[in-house]
1. Which residue is nearest to Arg17 (Cα to Cα), if the candidates are limited to the range 36-70 and must be free of Cβ contacts under 8 Å to residues at least 12 places away in the same chain and of a type outside the set (Asp, Glu)?
2. Going through the range 63-73 one residue at a time, which ones are farther than 24 Å from Pro130 by Cα and either under 13 Å from the mean Cα position of the chain (by Cα) or part of a loop (DSSP other than H, G, I, E, B) (or both)?
3. Go through the range 138-162 and give me each residue that's assigned to a loop (DSSP other than H, G, I, E, B) and polar (S, T, N, Q).
4. Of the residues Gly57, Gly45, which is surrounded by fewer than 19 Cβ atoms within 10 Å (Cβ to Cβ), in contact with a helix residue (DSSP H, G or I) (Cβ under 8 Å, 6 or more places away or on another chain) and part of a loop (DSSP other than H, G, I, E, B)?
5. State the number of residues belonging to the range 114-137 that are outside any loop (DSSP other than H, G, I, E, B) and without any contact (Cβ under 8 Å) to a residue 12 or more places away in the chain.
6. In this structure, is Gly111 more than 16 Å from Cys26 (Cα to Cα) and not in a helix (DSSP H, G or I)?
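A short reminder: the numbers here are calculations on the coordinates, not readings from a lab. All figures in this text were calculated on a predicted structure; none of them were measured in a lab. Positions of Cβ are backbone-derived with ideal geometry, glycine not excepted, and every protein chain shown enters the neighbour counts.
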Amino acid sequence: MADSPLASVGSELSERRAAAVARGICRLFARNDIWALPEMPLRNGRRADLMGIDAKGHIVIVEIKTARSDLLGDGKWPDYLDFCDKFFWGLPPELDRACLEGADFRPDCCGVIVADEYDAEIVRPAPSHPLAAARRKVEVERLARTALRRHLVGLDPQCAAWGQGLG
């Protein structure tokens, strides 16, 4: 039952763990001049857990998984590859990551970051698969506009209504 109290507690715990992993990854990224937004919608209808940009303008996406079943059951992650130069899995330290070495998880194109709420470590660098320049330009502009919109709405929540249907 999805509406049971136990399911609610499990979902809340999973969300807190994912937020902790995201925080650690964002700290690692900040030290490396990569700035990321959480929950970034993509043009294909998917949503990246973290999407960022490095100092060279390259786009990085991180898909965060906090449970083995979620990791093994995720068939949508290849949909993110068309929107980034580098793709990482973001995992908490206690999650067994051995399955990420299998062909289904394409280790040739995916990096792995292990993180807790305080910090993170890249345990497998993500190979670069450069986007076409036109695609990168569109995605960088979308990322910038989303960041600016979120910042302004954070300062003045009434602006949220003005931006409906735009962009």
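1. Ser69
2. Listed by number, the residues that qualify are Lys65, Thr66, Ala67, Gly73.
3. If the condition is that a residue be assigned to a loop (DSSP other than H, G, I, E, B) and polar (S, T, N, Q), then Gln158 is the only one that fits.
4. Within the list Gly57, Gly45, the selection yields Gly57.
5. Counting residues in the range 114-137 that are outside any loop (DSSP other than H, G, I, E, B) and without any contact (Cβ under 8 Å) to a residue 12 or more places away in the chain gives 3.
6. No.
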